[in-house]
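Shown next, in structure tokens, is the structure this report addresses.
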Amino acid sequence: MTNQELADLIFPNITKTILDYEEMYPKRDLKEGAKVVRFAPSPTGFMHIGNMMSATINYVLAKSSDGVFYLRNEDTDQSRSVDGAVEFIYHTLNHYGLNPDEYEFNGKVVGNYGPYIQSERIEIYHTFIKHLISIGRAYPCFLTSSELDEIREYQSKSKKRIGIYGRYAKFRDVSNEEKAERIRNGEKFTIRFRSEGDFNQKFVFEDLTKGKIEMPLNDIDVPIMKSENLLPTYHFAHVVDDHLMRTTHVVRGEEWMSSIPLHYELFKSFGFKMPKYIHTSLILKKDGDTIRKISKRKDPEALMFYYEEKGYPALAVIDAVMTIANSNFEEWRSNHSDAPFYEFPFSPKKMSSSGALFDLDKLDNISKNIISKMKAKDVYQEYLDWAKEYDDHIYSLISQYKEDTIAFLNIEREVKKPRKDYENYSSIFPKTWYLYDEEWDRDLVYDFKNIKGKEEITSIMTEYLEHYYKEDDTEEEWFSKIKDLCSKMGYAADMKEFKENPGKFKGNVADFTTAIRVVLTTSSMTPNLYDIMKIFGHDRMIKRLEKFEEKYFG
RNA sequence: GGUCUGUUGGUGAAGCGGUUAACACAUUGCCCUCUCAAGGCAACAUUCAUGGGUUCAAAUCCCAUACAGAUCACCA
């Protein structure tokens, strides 16, 4: 029995040839140097920061070369697939502006190289497997899982290399007649690649970030098709898909590095050119004294949900990821503060070859800078969008007090050196709640620092409101009045004077304004008092004073 | 155990045979200041995992050791 006959027996319904697919998916007509890249997650878990980094790098590579960025759903492991994972991937790419040029979602296919969902490509895989069987480079293998276990156990006990190779590849040289017989008897089988490599020979592989690496040739007969669902394994799908979709650059995690010898041989067996590879190092996490791979279970910040829930601006997350990917991104960013991130000249060579810790402090810093440069109304809008999704109470408050909220967010904004108070939208409310009258029902804690004596505080406030406050004072007028009243009541209006002679005064301007500030906000740490008073206006200040008296005088 | 990769301060890192070992974040201190935030100025690795070697000269080249990580599934 010939190999071709065996192939026909296994795949009787496959009539196309690999040449048919070559014609169906011709070389892409792109300009010289254009990169074709893909983001190819498997829906076995939710999108995490490592995926995000890979997607971002892919996007930059495609955009900066006028290439193509496509999305491929690697769903060949259907038993482990997680509900909602696919939706979340689309949502996340969209949220961060990493929209693919080609994709397939909810029955809609965009692009000429699909299907973009692996489970829909089964006929293609079978055609390619059939081809391999017909040329003697693949064969059905009837090893059961318990036999496989035995082999593995023996190998590890006797310290031999683990895997189905050489004499362990029991069905490699069994006659086609016997194989056909077993198939006709309904025996389950997997299709294995028939390796021709010699483990003692080396070849040189060039990774775009790690450089030249010497590796042994593959000699393992790996499964390329699973017996259960007849879907290909990752390795085989990678070769077929990235060839047919004309991928030029594969960006994937470092954990794939060690299957390079296999992929190398697989591509060679078809006579296909290998794409270029960028193996990215893992994102690590410091856990006490040890450093380990970031974990979806232990580290909330590993999953992309975290950043949306906290309300980080999408750009901040992208910039933080880019900073890890290429450390010179930061410098570029400071010189091109308004340029889209994909204009950054990303270089795979500049990627760190050791794993990086994802630094949340750094993210906060990047994010504070980004938010500080936004216009108040834009901050408000994003804050509102965030609240709508995650906090009904805040949402209704800030909708109701839109003008006040924007005015508050505008304090010391749009100046050369704007305030950097907020690292994300969830951190705004804890710092601004006192703006809203409704919030003053809570158990109030006033933090007065140096000013002691509630009568003193009340008289400062009363005095100020009755005789000094004027709605349309400029900031200069306002402050000189504060100083006047301040010295009239025995406080030093001038800080230097106070420092030279502290014993002469009850306190200084700072203490004096603290009293006002805390009555109005309960906090000694707020933005510019003048601006806050402007927002409040006379009546609300009176109300705040009443609140204060209620609390301390009953 | 096999195969690969990596190791520069608290973190991310620059560095590519001769540098006071950049820069950013964090931290600390001072200044400025109505508080805060910001800003300004400082401090923070005598040393580049360790041990050898090459060299007039090494974080940079070579070798060994240690440690860390990845992988060795009909998971991706």
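The values are calculated or read from the model by the stated rules, or taken from the named source; none is laboratory data. None of these values were measured; they are calculated from a predicted model. For neighbour counting, all protein chains shown are included, and Cβ atoms are generated from backbone atoms with ideal geometry for every residue, glycine included.
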Working only within segment A:63-102, note down all residues that are closer than 28 Å to A:Glu382 by Cα and within 16 Å of RNA strand B (Cβ to nearest atom). A:Leu71, A:Ala85, A:Val86, A:Phe88, A:Ile89
Taking segment A:369-378 as the search range and keeping residues that are without any contact (Cβ under 8 Å) to a residue 40 or more places away in the chain and assigned to a helix (DSSP H, G or I), which one is surrounded by the most Cβ atoms within 10 Å (Cβ to Cβ)? A:Ala376
Take the residues of segment A:492-512 that are modelled with pLDDT of 85 or more and in contact with a Lys or Arg (Cβ under 8 Å, 6 or more places away or on another chain): which is farthest from A:Thr458 (Cα to Cα)? A:Val509
Flag if A:Lys202 is more than 30 Å from A:Ile14 (Cβ to Cβ) and within 29 Å of the chain's Cα centre (by Cα): no
Checking the condition more than 16 Å from RNA strand B (Cβ to nearest atom), modelled with pLDDT of 95 or more and not hydroxyl-bearing (Ser, Thr, Tyr), which residue from A:Lys31, A:Lys35 passes? A:Lys35
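Looking only at segment A:325-348, count how many residues are part of a helix (DSSP H, G or I), more than 18 Å from the chain's Cα centre (by Cα) and small (Gly, Ala, Ser).
So the answer is 1.
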Looking at A:Ser134, A:Ser175, A:Ser145, can you tell me which residue is within 12 Å of RNA strand B (Cβ to nearest atom) and either more than 35 Å from the chain's Cα centre (by Cα) or not assigned by TED's automatic domain parsing to the domain that holds A:His238 (or both)? A:Ser145
Could you tell me whether A:Gly166 is out of contact with any helix residue (DSSP H, G or I) (no Cβ under 7 Å at 6 or more places or on another chain) and touching a residue at least 12 places away in the same chain (Cβ under 8 Å)? yes
If we take segment A:389-456, then helices (runs of 4 or more DSSP H) inside it with 3 or more residues that are within 16 Å of RNA strand B (Cβ to nearest atom) are A:402-409, A:429-432
Right, A:Phe479: in the same structural domain as A:Arg540 (by TED's automatic domain parsing) and either more than 30 Å from the chain's Cα centre (by Cα) or of a type outside the set (Gly, Ala, Ser) (or both) or not? yes
In this structure, is A:Pro345 under 18 Å from A:His249 (Cβ atoms), touching a residue at least 40 places away in the same chain (Cβ under 8 Å) and either away from RNA strand B (no atom under 11 Å from the Cβ) or assigned by TED's automatic domain parsing to the domain that holds A:Ala302 (or both)? yes
Filtered residue count, segment A:174-215, keeping only those that are in a loop (DSSP other than H, G, I, E, B) and on the phi < 0 side of the Ramachandran plot: 17
Matching residues in segment A:494-529 - criterion: being buried (at least 17 other Cβ atoms within 10 Å of the Cβ), more than 9 Å from RNA strand B (Cβ to nearest atom) and over 20 Å from A:Gly453 (Cα atoms): A:Phe498
Buried (at least 20 other Cβ atoms within 10 Å of the Cβ), of a type in the set (Gly, Ala, Ser) and either near RNA strand B (Cβ under 9 Å from one of its atoms) or within 19 Å of A:Tyr165 (Cβ to Cβ) (or both) - does that describe any residue in segment A:191-203? yes
Can you spot a residue in segment A:329-339 that is among the acidic types (Asp, Glu) and either touching a residue at least 60 places away in the same chain (Cβ under 8 Å) or touching a Gly at 6+ places or on another chain (Cβ under 8 Å) (or both)? no
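May I ask you to say which residue of A:Tyr70, A:Tyr116, A:Tyr59, A:Tyr21 is under 20 Å from A:Met245 (Cα atoms), more than 29 Å from the chain's Cα centre (by Cα) and among the hydroxyl-bearing types (Ser, Thr, Tyr)?
One residue alone meets the criteria, A:Tyr21.
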Single residue of A:Glu187, A:Glu181, A:Glu102, A:Glu87 found to be outside the structural domain of A:Leu266 (by TED's automatic domain parsing) and closer than 30 Å to A:Asn13 by Cα: A:Glu102
